[in-house]
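Notes follow the structure.
The values are calculated or read from the model by the stated rules, or taken from the named source; none is laboratory data. Nothing here was measured: the structure is a model prediction, and the numbers come from that model. FYI the Cβ positions are ideal-geometry reconstructions off the backbone, even for glycines, and counts take in every protein chain you see. Just so you know, the surface numbers come from the protein's heavy atoms only, side chains and all, with ligands and any DNA or RNA stripped out. Shrake-Rupley method; radii C 1.70, N 1.55, O 1.52, S 1.80 Å.
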Amino acid sequence: SINLGKADALLTESEQIKGETFQPTERIKVYILEVKATSKGPKILVSRTHPELVKRLFESEVSEVRDGIVEIKAISREAGSRTKIAVWSNDPVGACVGMNGARVNAIVNELRGEKIDIITWDENPAILIQNALSPAKVISVIADADEKAAKVVVPDYQLSLAIGKEGQNARLAARLTGFKIDIKSETQARESGDFLDYENDYEDDE
């Protein structure tokens, strides 16, 4: 039961971050999911796991988001573990990270250490997918907008980073972009014949 002042709200177990515990009188931030009218008055349901909670936290901590200078385009979240947030502006990542990361740190602290990846939004799906797979480096992305599917090639040593622990990085990137993402290492791609010769481009980038 969460005391909102003039009313109480219900934070069900399914809407709590796994392993999170609260103390009486502790102040926490929650997202209002639903308000139902009942014979005993309004029944308010709140959440700590909803992606919109992260969005609202950014709006409260980052003035550029609140003022619309930085726009949050997409969020994918595995509550208590990691969130990816795609933002768009002239200097979106700098604006959201803030001085020495202070503004993001305030959000991370509120979410009890949940990792937050801020990536730059791009209308080009291939660039967006490349950004979404951060912090992994990407050699090439071939995105099919009609099929909502993409083939991604990464350096061999970056494959586990791109996929992430238990597939989390790839899963969050797929949810963020709306694309089914097939990730292969350079060696795997060459062996399967999926890999065009990007070697020269990649060396130029390096």
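General observations
- Note on the chain: with charges restricted to the Cβ of Lys and Arg (+1) and Asp and Glu (-1), its dipole about the Cα centre is near 1600 debye.
- Heavy-atom surface analysis with a 1.4 Å probe gives the chain a carbon and sulfur content of 47 percent of its accessible area.
- Rounded to 5, percent antiparallel among DSSP beta bridges of the chain: 60
- Dipole axis of the range 29-86 (+1 Lys, Arg; -1 Asp, Glu on Cβ), positive-most option in S39, I85, T49: S39
- Ranking of R66, R27, R112 by solvent-accessible surface, largest first: R27, R66, R112 (1.4 Å probe, protein heavy atoms only, all chains present).
- Estimated translational D of the chain in µm²/s (Stokes, Kirkwood radius over Cα pairs; 10 °C; 1.306 mPa s): 84
- When only Cα pairs below 8 angstrom with a gap of at least 6 residues are kept, the chain shows a relative contact order of 13 percent.
- For the range 17-107, size of Cβ-based charge dipole, Lys and Arg +1, Asp and Glu -1, in debye: 460
- At a probe radius of 1.4 angstrom, the accessible area of the chain per residue rounds to 59 square angstrom.
- Nearest 10 degrees, 0 to 90: helix 51-61 Cα axis against the chain principal axis: 80
- Between N90 and T21, the contour length at 0.36 nm per residue exceeds the Cα-Cα span by 20.9 nm.
- Straightening the chain between E71 and E59 buys 3.3 nm, computed as 0.36 nm per residue apart minus the Cα-Cα spacing.
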